[in-house]
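Here the structure comes first, spelled out in structure tokens, and everything after it is commentary.
No lab work stands behind these numbers, since they all come straight from the coordinates. Keep in mind the model is a prediction, meaning the values are calculated, not measured. Don't worry about glycine lacking a Cβ; one is built from the backbone with ideal geometry, like all the others, and counts go over all protein chains shown.
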Amino acid sequence: MKFFVDTADVGEIRSLAEAGLVDGVTTNPSLVARTGRRMAEVIAEICSITPGPVSAEVTATDLEGMLAEGRHLRGIAPNVAVKVPLTEAGLRACRTLAGEGAQVNVTLCFSPAQALLAAKAGAAFVSPFVGRLDDVATDGMRLIADIVTIFRNYPHLRTEVLVASVRHPMHLVEAARLGAHVATLPPAVIRQLLKHPLTDRGLDAFLADWKKTGQSIL
Ligand code: E4P
């Protein structure tokens, strides 16, 4: 399973990349806005940190605008994946940009039918949002299970299921159990994955016992 980092914070991305935990990055207009920087500059910097796909989202809502922005974003670096919303214009833009050789991430997916449409439009990734579904008392993981099952029924569909809007470690564990290809994780969730109180307690005990021996390994 690939781990993408869901942030536009280059400091966080750099540190996680150094730890070998970054297979790609996803951004959205809200995450870029939070940096206070220009989108092109932030995306270029992120693309220089990781060779994996870096999703950069269009903000136009009409087809011509999406195509113009998508082509511009793609020109920033070879590893940019153009992100488009799951609207009719977005699907048309996906088909055209994918035909031009772009990796396209179709975002804001909330139903299995939408995911199938994204795959038929040639998306490299489709992003179902689990956390935002959970927020409205709908089982986000059920959506992942449905999409994974449907895509497995049609192996010619090459679209990867990119689990988005991840809020906690169990979202990741469940997504992996279901066989989703990718999860995009906020940096805080990646750090939570690492932590276990029994690891900390076990290490403390080993070190306390070792100290009593007076030995040193070197
Ligand atoms: C990633 O591609 C999405 O934009 C992101 O995961 C949305 O997460 P949120 O629902 O926590 O804003």
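Nearest 10 degrees is fine. How inclined is helix 169-178 to the longest principal axis of the chain, computing both from alpha carbons? Taking the Cα atoms of the chain, the angle to 169-178 is about 60 degrees.
Can you divide the C-alpha Rg of the chain by 2.2 N^0.38 Å and report the result to two decimal places?
That ratio works out to 1.15.
Computed from backbone phi with θ = phi - 60° and the Karplus coefficients 6.51, -1.76 and 1.60, the 3J(HN,Hα) list for the stretch 2-19 is 8, 9, 9, 9, 9, 6, 10, 7, 5, x, 4, 5, 4, 5, 5, 5, 4, 7 Hz; x is used for glycine and proline. Computed over the stretch 8-51, the Cα gyration tensor eigenvalues convert (square root of 5λ each) into semi-axes of 18, 10, 9 Å, ordered from largest to smallest. Loop-resident trypsin sites (Lys or Arg not before Pro) (DSSP state other than H, G, I, E or B) in the stretch 16-59 with no more than 16 further Cβ atoms inside 10 Å of their Cβ: R37, R38. When the helices in the chain are scored as -39500 (n - 2.57) per DSSP H run of 4 or longer and the sum is shared across all residues, what 222 nm value do you end up with, to the nearest 500 deg cm²/dmol? About -15500 deg cm²/dmol. Here the Karplus relation 6.51 cos²θ - 1.76 cosθ + 1.60, evaluated at θ = phi - 60°, turns the backbone of the stretch 183-200 into coupling constants of 10, 9, 10, x, x, 4, 6, 4, 5, 5, 4, 6, 8, 8, x, 6, 5, 4 Hz, with x for every Gly and Pro. Grouping the Cα pair distances of the stretch 101-218 into 5 Å bins from zero gives a pair-distance distribution of 2, 11, 18, 17, 13, 9, 6, 5, 5, 4, 5, 3, 1, 0 percent in increasing distance order. Across all C-alpha atoms in the stretch 58-168, the radius of gyration and Dmax reach 13.7, 40 Å.
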